[in-house]
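Bear in mind these aren't lab numbers, they're just calculated from the coordinates by the rules spelled out. Given the structure is predicted, the values throughout are model-derived calculations rather than measurements. Here the Cβ positions follow ideal geometry from the backbone for every residue, glycine too, while neighbour counts run over all protein chains shown.
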C-alpha cells in the first residue's frame, strides 16, 4: 500500500507542469511502431504516454528492479486496456531485450543509480537499432538541492563523457528542465 502511494506520487510529479512531460515526449520524435525502453519506469507515467505515441504496432518495455513497480504498471495498463506495454524486471545493471529491436531508450532520474555505467551502456548498444537513441534526464549536482545531498544526481559532463566512451555521439541537449540535465545520444557510425 505504501509502495503504491509512492508510485502514485511519482506519477503526479511526472505529470506536473514543471516536469514538462509533453515537451520531453515531443523531443523524442516518437513514431508509430517504435519500440521504447523506459528504464527505471517507476509508476509508469512515461510508459503510458509512450504507449499512446507508438500505437498498436509499437511496444514499450517498462524496465525496473522492483517487481512491485511493474505490478503497479501492469495493473493500470490492464485497467485502461493498454496492450503494448511489456514489463521486465532486471537485476541492477542488466538488460534483457532482443538485440537490435529498440528505437529509443529513455532514462529519467536513474543514470546516477547505475553502478557500472561503462558496461551498462556498452551493452545497451547491442539492443538499439542502427538509428536508435538514448535519452538521459538526471538531476544536476548543484551541491545544495535534496537530490545533490542524497546523491540522487549526476554531473552532466560525466554523463556525456561516459556515453562517448561507450560509443555514442552527443546528439541533442536541452536546457528547459529546472534542476535536471537532458541529453540525447545516438550510436556513432561504424
Worksheet item: Relative contact order for region 107-190 using alpha-carbon pairs under 8 Å, separation at least 6, rounded to a whole percent?
Response: 34 percent
Worksheet item: What is the spin-label model distance, in nm, from residue 176 to residue 81 if the labels are put 7 Å beyond Cα along the C-beta direction?
Response: 3.3 nm
Worksheet entry | Highest-MSF residue in the chain out of 100, 44, 143 [GNM, Cα springs under 10 Å] | 143
Practice prompt. Starting from the Kirkwood radius over alpha-carbon pairs of region 91-141, derive D by Stokes-Einstein at 25 °C in a medium of 0.890 mPa s and give it in µm² s⁻¹.
Written response: 213 µm²/s
Response to the item:
Between residue 15 and residue 99, Cβ-based FRET efficiency (R0 41 Å, step 0.05) works out to 0.75
Worksheet entry | Distribution of pairwise C-alpha distances over region 1-99, 10 Å bins, in % | 16, 49, 33, 2
Worksheet entry | Average projection area in nm² (convex hull over Cα atoms of the chain, one quarter of hull surface) | 10.2 nm²
Worksheet entry | Rounded to 5, percent antiparallel among DSSP beta bridges of the chain | 40 percent
Worksheet item: How big is the Rg/Rh ratio for region 113-190, C-alpha atoms only, Rh by Kirkwood, two decimals?
Response: 0.99
Discussion item. As an exercise, use a Förster radius of 22 Å and the Cβ-Cβ distance of residue 3 and residue 155 to find the FRET efficiency, rounded to the nearest 0.05.
Written reply: 0.15
Worksheet entry | Centroid-to-centroid separation of region 51-82 and region 91-139 [C-alpha atoms, Å] | 18 Å
Worksheet item: Considering every Cα-Cα pair within region 53-109, what fraction, in whole percent, is farther apart than 12 Å?
Response: 70 percent
